[in-house]
Amino acid sequence: MDMADLGLDKWLKNHTRELCGSKYSVARVIAVDRGRFTVKYEDGESHAILTGKFFHATESAIDFPCVGDWVCIDYHEDGSPANIQDIFPRKSFLRRKVAGNDIEYQMIATNIDVALIVQSCHFDFNIRRLERYLVMVNDGYIEPIILLTKTDLVSSDELEQLIATIRSTGINTEIIALSNVTGSGIEKVQEMMLPRKTYCLLGSSGVGKTTLINRLIGNSELATKAVSGTGEGQHTTTRRHLIVLEKGAMLIDMPGMRELGILSARKGLGDSFSDILEFSEQCHFADCGHTNEPRCAIIAAIKNGELDSEHYQSYLKLKKESDFNELSSAKKRKKDKDLSRLIKTAKKNKSKH
């Protein structure tokens with residue numbers, strides 16, 4: 001397989017010798033499962049492991065390979081696992097704050113061109129969650145497209161109302177409505193997915209992601225579970241993996257994410273809530289707090305119906321969360337550096353005695 005068919009662009013191709021030297025081969029990570037890697041290269045596929053040098057030189061877990069990454073490998077014809085020697089710079093990424101109280105990033109997938117954000121028209125539809133997904137996607141330099149699934153469970157009027165609700169919050173991202181049952185909208189998704197481009201599916205468990213992938217593949221290669229009586233699907237995907245579709249587009253499937261923590265997402269907030277930022281630039285005072293200041297454009301826009309109040313409150317909530325986590329992360333890094341400096345000083349003093 002030509003690596004260009006797996007998405008290796010011109011810049012990366014021109015720099016492979018610089019990045020990997022003449023000794024190693026270029027490969028793309030197509031699956032990660034509990035720290036085990038599967039890579040695809042010109043001559044086939046292989047399981048892969050990290051070299052000790054790479055492992056110990058890596059300062060953070062987000063720098064370990066994940067699905068979508070381009071890596072330099074040393075593969076063996078005897079069938080033993082390939083060795084991952086280095087990782088290429090990432091042109092885009094999908095990341096979130098790790099689940100729980102830790103203030104760290106978790107890298108989910110990389111080198112993605114378009115994120116297909118999936119929401120069901122039935123049980124799963126949630127504007128606030130959609131805004132959170134958009135912040136995550138925009139922050140990683142990925143183009144978002146919204147897929148509204150299970151249109152067979154709502155009337156045409158209800159579907160129009162759902163789309164109007166999305167538009168009323170200032171979201172102007174492309175929306176494709178579809179049904180895995182009737183097949184409506186599937187062809188539009190297929191036509192939109194271009195060869196050598198990488199796409200990912202994002203959404204809660206049970207919104208129909210696996211069934212959609214099976215339709216795009218053209219078979220039932222991926223296991224699905226029966227739909228519940230409420231119309232809610234059941235979770236099936238257990239690991240992240242990249243699939244090459246028949247017409248050459250690549251699709252990354254991944255498990256539904258329960259937590260979508262935002263950490264240091266200034267770009268994502270700016271891109272996802274650009275309407276709010278545009279209003280804020282019209283405020284009379286440059287340092288307007290948008291609370292009770294005179295001639296505040298945001299307050300005026302909310303009063304006259306130009307800006308949705310809940311949309312603005314969502315922005316404030318996400319910004320506060322991002323700023324808090326960013327500050328906490330900075331404090332943690334400083335604490336870690338201070339501790340490291342203290343340990344080095346103690347070792348140095350001990351050696352003198």
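All of the numbers you see were taken from the coordinates with simple rules; none came from a lab. In this text the structure is predicted, and so the values were computed from the model without any measurement. Note that each Cβ is placed from the backbone with ideal geometry, even for glycine, and that neighbours are counted across all protein chains shown.
Which links in 10/40; 209/303; 150/319; 23/97; 53/320; 40/267 stretch past 28 Å when you go from one Cα to the other?
Violating the 28 Å Cα-Cα cut-off are 209/303; 150/319; 23/97; 53/320; 40/267.
In nm, to one decimal, how far is the residue 163 label point from the residue 247 one, both placed 7 Å along Cα→Cβ?
About 2.1 nm separates the two model spin labels.
DSSP loop trypsin sites (Lys or Arg not before Pro) in region 22-91 with at most 11 other Cβ atoms within 10 Å of their Cβ, which ones?
In loop regions of region 22-91 (DSSP not H, G, I, E or B), the sparsely surrounded trypsin sites (Lys or Arg not before Pro) are 23, 34.
What chymotrypsin sites (Phe, Trp or Tyr not before Pro) in region 65-114 are in a loop by DSSP, with at most 16 other Cβ atoms within 10 Å of the Cβ?
Here no chymotrypsin sites (Phe, Trp or Tyr not before Pro) fit, given the DSSP loop and packing criteria.
Let's test the formula: R0 of 25 Å, r as the Cβ-Cβ distance of residue 128 and residue 303. What FRET efficiency results, to the nearest 0.05?
Efficiency, rounded to the nearest 0.05: 0.70.
How big is the convex hull of the Cα atoms of region 150-217, per residue, in Å³?
Spelled out: Cα convex hull of region 150-217, divided by residues, is 108 Å³.
Counting other Cβ atoms within 10 Å of each Cβ, which GluC sites (Glu not before Pro) in region 45-146 have at most 11 and sit in a DSSP loop?
Taking region 45-146 and a limit of 11 other Cβ atoms within 10 Å, the loop GluC sites (Glu not before Pro) found are 59, 77.
Read phi for every residue in region 294-301 and hand back ³J(HN,Hα) as whole Hz from Karplus 6.51 cos²θ - 1.76 cosθ + 1.60, θ = phi - 60°, with x for Gly and Pro.
x, 6, 7, 5, 5, 4, 5, 5
Quick one: which residues, 5+ away or cross-chain, put their amide H under 5 Å from the amide H of residue 252? H built at 1.01 Å from N.
Long-range HN contacts for residue 252: 199, 200, 201, 243.
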